[in-house]
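Below is one structure, written out as structure tokens; the observations come after it.
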Amino acid sequence: MTKITDKLLKDTKDKMPQALTNIAQRIINNECSLFVGAGLSINSNLPSWHQLLKPCADELGIKIESKSDLLSLAQFYANRKSESELKRIVNEQIDLLVKTTPQHKALVSAGFNSIWTTNYDQLIEQSLQNVNIAYNTVASDYDLATVSYEGRVNVYKINGDIGKRDTMVITQNDIERYERTHHLLLTFLKKELISNTFFFVGYSFTDRIVLNCLCDIREYLHLSTAYTTHYALMVVNGKEDYRTLYFAQDLKQRYGIECLFVNKKDISYVIEMLWKQIRHKKVFISGAYYSLTEKEEHFADALSKSLVNGLYENKYRISTGIGKRLGAFITGYANQYLITKGISNISKHLSMRPFPFHLNLDEEKMHQYRTFMEHDCEAAIFMFGRSETTEKEGSYNMTGHYSRGVYQEFKIALELGCVIIPIGATGYEAKVIWDEVKKNINNYPYLSKKVDILGISKDADLLTKTVISVLNESSKHNRVYHKKN
């Protein structure tokens, strides 16, 4: 490993915590875009550009060197054969049965509304589909008419898509005509480069598309320096020299791109640390009921109001599946609080993810959807939980449950490593969960001094105070979670 590599890694170690905090905050604010380069796909065992074009080079009798002009090589092959034959060869090598990586899953689940990529493959789309996130693919100017800003992630494929060969940018001729053939797509990219922070992963900046856009922005706005700070996660190979150092300095000075250099084995760790920042102070509230006594309903109303106000006053964010009846209390008081305080970015503070009962999902799909509801939360609160469907299967004495759905959300919260807070005093499935937690209290040390209050008290404000205390203490002590099996 060279001295330059050591320096790059050391400098990154010093600035990484603040960089991840900044990226996470921009994601939470819906002001961050992900940009994925070829480096991430190579981790899925897809071929590199050199490997993609090797059959063409062999046929042309050209030896591919590490710094070969691959676009020219592709152009030579297209000249000799045809562009359709070139794209057929590339398609055969990309269209393989490959699996998405944990890095793909973590990144697409992080909350980016826009994902940009230079890759032809469909690993991003597969990853989004695997975690039940709706998406919209934009591979050319013509696809921009389908861009959606509500409920879908837009995947912009600036070099085209393997499923639409006519959109693929692969030859020198394609690059020379790029500004004319992709004029609107470049306009969209420039707009986001101004309004959003970009997080680049696996992107080398060698194609100049992004840098040219940033240069245009700077000149158009008459700026001497970059308009926005962006971040690039870049992998070192131990052979870095002064060229790498000066390149990183140039990216920061002229384009506002802060390079974060890591070893390949540390990519997953960095993404995990980013995830902890995204999940920090976000709480999932689980619970529902189809029938309560009048006294219980008043209790549900009072507790919902107190809990929502208490969470917001302590700077927590709320996510809810909008369980039957209880969900109306939670979302109603949440919106009332946010509007009263003049907070316009409602989605930052309240994630509403109603469970799609009308779809009649099988068990696997239900588990996947509930996992999506909770995936970006660091804590889960359980209240009430009485399902008509579960009770139709048999009484509590027969099934041991009042709501299988709420119990499944409890199990998923454990799998995700969430802080578990069952308010057993609300009864029903929350009491079932409370009983299980108390029986295994050693697994929940943050509850040891508070569990009895949560199981007995009918004072809404005291319960809220207790919940907030548990959350704050868990955060203070590095959030001691129940470990995954």
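The values are calculated or read from the model by the stated rules, or taken from the named source; none is laboratory data. Predicted model, so just to flag it, every value in this text is computed and none were measured. A quick note on method: Cβ atoms are made from the backbone with ideal geometry, for glycine too, and the neighbour counts reach across all protein chains shown. Calculation scope for accessible area: heavy atoms of the full protein, side chains included, ligands and nucleic acids excluded. Shrake-Rupley method; radii C 1.70, N 1.55, O 1.52, S 1.80 Å.
Start at zero, step by 10 Å, and the Cα-Cα distances of region 180-244 spread as 17, 47, 26, 9 percent across the bins. Taking 30 Å as R0, compute the FRET efficiency from the Cβ-Cβ separation of residue 164 and residue 268 and round it to 0.05. The value I calculate is 0.45.
Accessible surface for residue 141 stands near 30 Å², nearest 10, in the context of the full protein assembly shown (1.4 Å probe). Annotation note: chymotrypsin sites (Phe, Trp or Tyr not before Pro) in region 62-149 located in DSSP loop regions with a Cβ neighbour count of at most 13 within 10 Å are 149.
So, for the chain, what is the accessible surface per residue at a probe of 1.4 Å, expressed in square angstrom?
Details: 23810 Å² over 485 residues.
That works out to 49 Å² for each residue.
The alpha-carbon atoms of region 1-90 define a convex hull whose volume equals 162 cubic angstrom per residue. Measuring nothing but alpha carbons in region 96-245 and taking Rh as the Kirkwood radius, the Rg to Rh ratio lands at 0.96.
Pull out the extension gain between residue 99 and residue 187, defined as 0.36 nm times the separation in residues minus the alpha carbon to alpha carbon distance; nm, one decimal. Please list the in-between numbers first.
Working: separation 88, 0.36 × 88 = 31.68 nm, distance 3.27 nm.
Once the chain is fully extended between residue 99 and residue 187, it gains 28.4 nm.
Taking 266, 461 and ordering them by how much accessible surface each has at a 1.4 Å probe, largest first, produces 461, 266. Converting the Cα gyration tensor eigenvalues of the chain into ellipsoid dimensions via √(5λ) gives semi-axes, longest first, of 48, 24, 21 Å. Shape class of region 295-355 from the Cα gyration tensor (axes a ≥ b ≥ c, square roots of the eigenvalues): oblate, since a/c reaches 1.5 or more and a/b does not exceed b/c. Prolate is the label for region 332-371, because a/c, from the alpha-carbon gyration tensor with a ≥ b ≥ c as root eigenvalues, is 1.5 or above and a/b exceeds b/c.
Once R0 is set to 51 Å, what does the formula 1/(1 + (r/R0)^6) return for the Cβ-Cβ distance between residue 13 and residue 443, expressed as a FRET efficiency to the nearest 0.05? Don't skip to the answer; put the middle values down first.
Numbers: r = 33 Å, r/R0 = 0.66.
Taking R0 as 51 Å, the efficiency between residue 13 and residue 443 is 0.95.
For residue 266, what is the net charge nearby, where nearby means another residue's Cβ is under 13 Å from its Cβ and Lys, Arg count +1, Asp, Glu -1? Mind showing how you got there, number by number?
Details: positive: 13, 264, 265; negative: 272.
Once all neighbours under 13 Å are counted, the net charge is +2.
Put simply, the amide H of residue 198, placed in the peptide plane, has neighbours under 5 Å in 33, 231, leaving out anything fewer than 5 places away on its chain.
Tell me the carbon and sulfur percent of the accessible area for region 194-267, rounded to whole percent, probe radius 1.4 Å. Here it works out to 51 percent.
May I ask for the longest run of the chain untouched by GluC sites (Glu not before Pro) that are loop-located per DSSP and have at most 12 neighbouring C-beta atoms (other than their own) within 10 Å? Mind dumping the intermediate values first?
Working: sites that count: 65, 150, 393.
The longest uninterrupted stretch comes out as 151-392.
Here the Kirkwood formula puts the hydrodynamic radius of region 329-434 at 15.2 Å, using every distinct Cα pair.
Of the solvent-accessible surface of region 339-388, computed with a 1.4 Å probe over protein heavy atoms with every protein chain present, carbon and sulfur atoms account for 55 percent.
For region 382-470, the orientation-averaged shadow of the C-alpha convex hull comes to 5.7 nm² (one quarter of the hull surface). Quote the FRET efficiency, to the nearest 0.05, computed for residue 179 versus residue 254 with a Förster distance R0 of 25 Å and r equal to the Cβ-Cβ distance. Calculated transfer efficiency: 0.80. Note on region 147-227: Rg/Rh from C-alpha atoms, Kirkwood Rh, equals 0.97.
Ligands, DNA and RNA left out, the accessible area of region 402-461 computed with a 1.4 Å probe is 51% carbon and sulfur. Cα centroids of region 249-318 and region 76-132: 30 Å apart.
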